[in-house]
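To start, the structure under review is shown below, and the notes come after it.
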Amino acid sequence: MSSDRRKPFPFDVFEPRWQQRWDSEKTFRTPGPGDADFDASKPKYFVLDMFPYPSGAGLHVGHPEGYTATDIIARAKRMQGHNVLHPMGWDAFGLPAEQYAIKTGQHPRVTTEANIENFRRQLKAIGFSYDWDREVNTTDPGYVRWTQWIFLQLYHSYFCEETKKARPVSDLEAKGWTRGQIDAVRLAFVHEAPVNWSPDLGTVLANEEIEEWKAKGHTVERRPLRQWMLRITSYAERLIDELEPLDWPEGIKLLQKNWIGKSEGAEVDFDVQGQKVTVFTTRPDTLFGATYMVLAPEHSLVAQITTPEQKAAVESYVTACASKSDMDRGDLNKDKSGVFTGAYAINPVNQEKIPVWIADYVMMGYGTGAIMAVPAHDERDFEFAQKFSLPIKAVVQKTVARPVPALSEQEPLPDPLPSSPPPKLQANPSPPANQVSSNQGSANEVSASQCSENKAGTGLATAFCEQGFAVNSGFLDGLPTAEAKAKMIDWLEANQLGKRRIQFKLRDWLFSRQRYWGEPFPIIWENGNHAAIPDSELPLLQPELEDFKPTGDPRGPLIKATDWIAYSPTAQRETNTMPQWAGSCWYYLRYCDPKNSDRFISKEAEAYWLGGSGKPGAVDLYVGGTEHAVLHLLYARFWHKVLFDLGHLTTTEPFQKLVNQGLILGEDGQKMSKSVGNVVNPDDVISEYGADSLRLYEMFMGPLEQVKPWSMKGVEGVSRFLGRVWRSAFEENQAGAWSLHPKLSDAPCTDKALRRVVHQTIKKVTEDIGELSFNTAISQMMVLTNALTASATVPLECLHALLLCLNPFAPHLTEEINARLQENFPTLPSGQLCSQTWPQWEESALVVDEMEIVIQVNGKLRDKLTFPSAATDEEIKTAAMASARVQEFVGTGTIVKLISVPKKLVNIVVK
RNA sequence: GCCGGCGUGGCGAAAUGGUAAACGCACCAGACUUAAAAUCUGUUGAGGUAAUUCUCUUGUCGGUUCGAGUCCGACCGCCGGCACCA
């Protein structure tokens, strides 16, 4: 590791010294409400990092990227007079720790502690200004207690549909609801359903987690199990709507919106052999074009409606689907498959008899698990109809076929039974391919081919899925799609054949895991009923187990702790544990009041740190990777809203402003990975170039949000810059000792140009930090440093301004220079830079005596002229016209126009 | 397939609709040195020219404008997310 490279400044000596001092003096301790030294008159600023999962590999260079950004903000905000909450903690439960523990035979607590130790050491070696007194660890009993308490808040609550808020279930008890009725609406509830079970991990996974673990080589299959669920779907609407006022990247907002997946449409009831089958559709306007129906293979009515002739085929298809993995089923490249049930459904709008099929392209988990197929206007239905030669009937066209009478709201809705006789029933379930059952002569009917780019006569080439105008649709004919939808829904509701329905893709959150290293549920089972244990029994910790390997038993490894399970002679503990998300859902709250043993957060701390900004979001700035766009960020918003509804919080959203740092790639432009061997270890960078160089380089690489490759040469570059800053204060003698630079002078700066650069720098750095544009702030400080290097004297006030600006970026170097200067110049402000006041720029120092005006002819640069800054527009224009170069390019042309931009340019338009 | 984001020197990048390439890397040259490293100073988008100059240049094509890297439209390429959601 050691290199013979001479260090440009003695960071190896002073960096650890400053770190120790900050640690022992608790320089960055942040008093809060209730502390004697808390100053409530200052505004608060809560700047948060996504806390790390303390893996065995230690920090990688991606961690310090976001952490340096927030540290710069935190340090600058402190200097600008804020009480800054800037904490760090550990997301320490989770599968990897347990997998590792199983492999090595060590208790996960032991390995987790060691990993945390290492992470903490690494973070301190980068000089982050965290208040380590507020450190939070999700596995601490004092933390687990409140995670379990919040779970019980969910358990004891339901979602009130009228107020759209969580309310205590005691409200329902007061109304006389039965136990069963209440259990059916709790926000934390037990549900038996097919879940994502991973046999080799021995646990179930949330939908959102499947990809991650599959990518790591684990298998996931569907299996019906009894599980704890959280009713996040109740909040779907609010989770979309309340995204609006947040300062999040639009892309992330959209990602969440799409994940929640709101669709507006209708439920329509079909009659299938006397059974009511409800379908969901977003295109009720195409009901007249439904030519068959499809049920998901898992649909509960499949067995009932299947005719004896089709029984064998249907059963074998259902069995085949059940054994298919989600991956196979989701594969879009495969052909559509399905089988006819032998049954027919009656289309309620025209009494047409349509065949009922089952097919795996219809999912049981979305909508009602049944669809009306409109092959003319849905690509998937179209593909299926083509394959199985089902009829295709166009009911929407691009343009209006005839003048439409204005839609009158008073217009009576037609009778459910059309006055015209129903069309002939199709007895044959497999009519000829590509049949288009329209074109029967009515003037306003169009052939399907008119709606597609296909040549007439051969049927449709593709489905027409856009909006248009209804045709072949009885009382909808001529209406644009939006109006046709509304009218059809009105008709369905009026005739009690269906209703308006909003459908979300979001599923309820599968919240239980069958693992050891997680929070046990504070729940007991007695006589088949679940019940909460009293708050006084929290935290409920996992029992000590010798062997915590998964058993393959879906109840999880805790079943081995027989003493622990036995809660009372008649009651047993729940043996499932919570997922890793539980702890990370609320850690930002705990930082505000980390040691409180009476509440998860005191009212006072909550009001100050989370409610103080008057905005919907509690945390002022949250920086982290994109990978949490739909997991952690959605879950935390959900919990926050529940706690808000129940009166425990005063804000509706956890994170006001969110910034995603971009991935740092390896030097080769590839994603960093052990197998490729392009991983950069921050420890190595620190020992070679120092912590300040690491910090500065990561900020100088490019815009924070951008993906960018690592470059050791780049680190060297910023290290050279820091060396120049150092040498603007000190010079080295023959023996290698640093002494005060003779160029330094505590006389006021008389160099106007230098002074202007100083104030430009203060302005730019101040503004750029506010916009998280750290790379450009650093550029400007390089410009100033270059000016100081070139200057014959280095005025102390100029250097001090630079040190203040640079302090949040390179705290060790700047504090060291400042401390040494303080010894020689007693006029300098006392104390560390980090506790001094942020510098102010003077507008008067920015003004220039002379300005350079660009002279363009027809938009092309032809000359540059210098004027006193007081020159008038007329003077400039006259001088511009007089310019020999301008004359040359104007030539014999006529001047059409003269455009003058004050202090910038003159453009002469010549024809 | 759908939804986002991004395309600027050899490289990382900068640029309220107004001098494209600031700052850094790399390269080259000079100063210091016996020499090297370090440091300091300077050169470097491409093409033409004797030239202080000219022409071209922000993925491609078109548009708006006195003026476009920036705004609008179409296309091409790369990256990320979702994926039979009816």
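The values are calculated or read from the model by the stated rules, or taken from the named source; none is laboratory data. Because the structure is a prediction, the values reported are computed rather than measured. Counting neighbours? That spans all protein chains shown, and the Cβs are built from the backbone with ideal geometry, glycine included. We work out accessible area using only protein heavy atoms, side chains counted, and drop any ligands, DNA or RNA first. Shrake-Rupley method; radii C 1.70, N 1.55, O 1.52, S 1.80 Å.
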Original post:
Setting aside same-chain residues fewer than 8 positions from residue A:26, which lysines have a Cα under 23 Å from its Cα?
Top reply: A:42, A:44, A:77, A:124, A:595
Original post:
Taking H as built 1.01 Å from N, whose amide H comes closer than 5 Å to the amide H of residue A:85, not counting residues under 5 places away?
Top reply: A:45, A:46, A:47
**OP:** Can you send over the solvent-accessible area of residue A:371, 1.4 Å probe, protein chains only, in Å² to the nearest 10?
**Re:** 40
**OP:** Could you pull out every residue, at least 5 positions away or on a different chain, whose amide H is within less than 5 Å of the one on residue A:396? Hs are placed 1.01 Å off N in the peptide plane, and Pro or chain starts have none.
**Re:** A:471
**OP:** Excluding residues on the same chain fewer than 8 positions from residue A:216, give the lysines whose Cα lies under 22 Å from its Cα.
**Re:** A:103, A:324, A:549, A:671, A:674
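For chain A, what relative contact order do you get, as a whole percent, if you take Cα pairs closer than 8 Å and at least 6 residues apart?
Working: 1637 pairs, mean separation 126.9, N = 911.
It comes to 14 percent, rounded to a whole number.
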**OP:** Give the dimensionless ratio obtained when the Cα radius of gyration of segment A:11-69 is divided by 2.2 N^0.38 Å.
**Re:** 1.51
**OP:** Could you sort out which of A:262/A:353; A:764/A:897; A:164/A:505; A:860/A:911 sit more than 26 Å apart by Cα distance in this structure?
**Re:** A:262/A:353; A:764/A:897
Original post:
residue A:900: accessible area at probe 1.4 Å, nearest 10 Å²?
Top reply: 40
Subject >> Distance between modelled label sites at residue A:595 and residue A:495, nm, 7 Å Cα→Cβ extension >> reply: 7.2
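Remind me, what semi-axes does segment A:577-675 give for its equivalent ellipsoid, largest first in whole Å, using sqrt of 5 times each Cα gyration tensor eigenvalue? The partial results should precede the final answer.
Values: eigenvalues 184, 48, 32 Å².
Each semi-axis is √(5λ); the values are 30, 15, 13 Å.
Dividing the alpha-carbon radius of gyration of segment A:693-767 by 2.2 N^0.38 Å (N being the number of residues), what value is obtained? Intermediate values should be presented prior to the final figure.
On the way: Rg = 16.4 Å, N = 75, 2.2 N^0.38 = 11.3 Å.
Taking N as the residue count of segment A:693-767, the ratio is 1.44.
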Subject >> Extension reserve of the residue A:870-residue A:858 stretch, reckoned as 0.36 nm per residue once the Cα distance is removed >> reply: 1.7 nm
Subject >> Simple spin-label estimate for residue A:174 and residue A:193 in nanometres, 7 Å along Cα-Cβ >> reply: 3.1
**OP:** Amide H neighbours of residue A:227 under 5 Å, at least 5 residues apart or on other chains, H built in the peptide plane: list them.
**Re:** A:191, A:192, A:193
Subject >> Cα-only Debye scattering, segment A:13-150: base-10 log of I(q)/I(0) at q = 0.15 Å⁻¹ >> reply: -0.84
Original post:
Along the charge dipole of segment A:790-911, Cβ charges K/R +1 and D/E -1, which of A:809, A:827, A:895 sits furthest on the positive end?
Top reply: A:895
Original post:
With every protein chain in place, what's the accessible area of residue A:592 (1.4 Å probe, Å², nearest 10)?
Top reply: 10
Subject >> Hz values of 3J(HN,Hα) by residue in segment A:271-288 - Karplus curve (6.51, -1.76, 1.60), Gly and Pro given as x >> reply: 9, 10, 6, x, 8, 8, 10, 9, 10, 10, 9, 8, 10, x, 5, 9, 4, 5
Subject >> Over segment A:850-910, volume per residue of the alpha carbon convex hull, in Å³ >> reply: 65
Original post:
If you look at just the Cα atoms of chain A, how large are its Rg and its Dmax in Å?
Top reply: 35.0, 109
Subject >> ³J(HN,Hα), Karplus 6.51/-1.76/1.60, whole Hz, each residue of segment A:381-393, x for Gly, Pro >> reply: 4, 4, 4, 5, 5, 4, 5, 9, 6, 8, x, 10, 10
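Filter the trypsin sites (Lys or Arg not before Pro) in segment A:572-658 down to the DSSP loop ones having no more than 10 other Cβ atoms within 10 Å, then list what survives.
Numbers: sites: A:573, A:590, A:595, A:599, A:603, A:637, A:641, A:657; in loops: A:595, A:599.
Answer by residue number: A:595.
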Original post:
HN-Hα J couplings of segment A:12-18 from phi, Karplus 6.51/-1.76/1.60, θ = phi - 60°, integer Hz, Gly and Pro as x?
Top reply: 5, 8, 8, 4, x, 5, 5
**OP:** Using label points projected 7 Å from each Cα along Cα→Cβ, tell me how many nm separate residue A:160 and residue A:676, to one decimal.
**Re:** 5.4
Subject >> Helix axis angle, A:796-806 relative to chain A longest principal axis, alpha carbon, degrees >> reply: 20
Original post:
Among all the lysines, which ones have a C-alpha under 18 Å from residue A:175's C-alpha, if same-chain residues fewer than 8 places away are not counted?
Top reply: A:165
Subject >> Loop GluC sites (Glu not before Pro), segment A:747-808, which have at most 15 other Cβ atoms in a 10 Å radius of their Cβ (DSSP) >> reply: A:771
**OP:** Just reorder A:546, A:852 by solvent-accessible area, largest first, 1.4 Å probe, all chains present.
**Re:** A:546, A:852
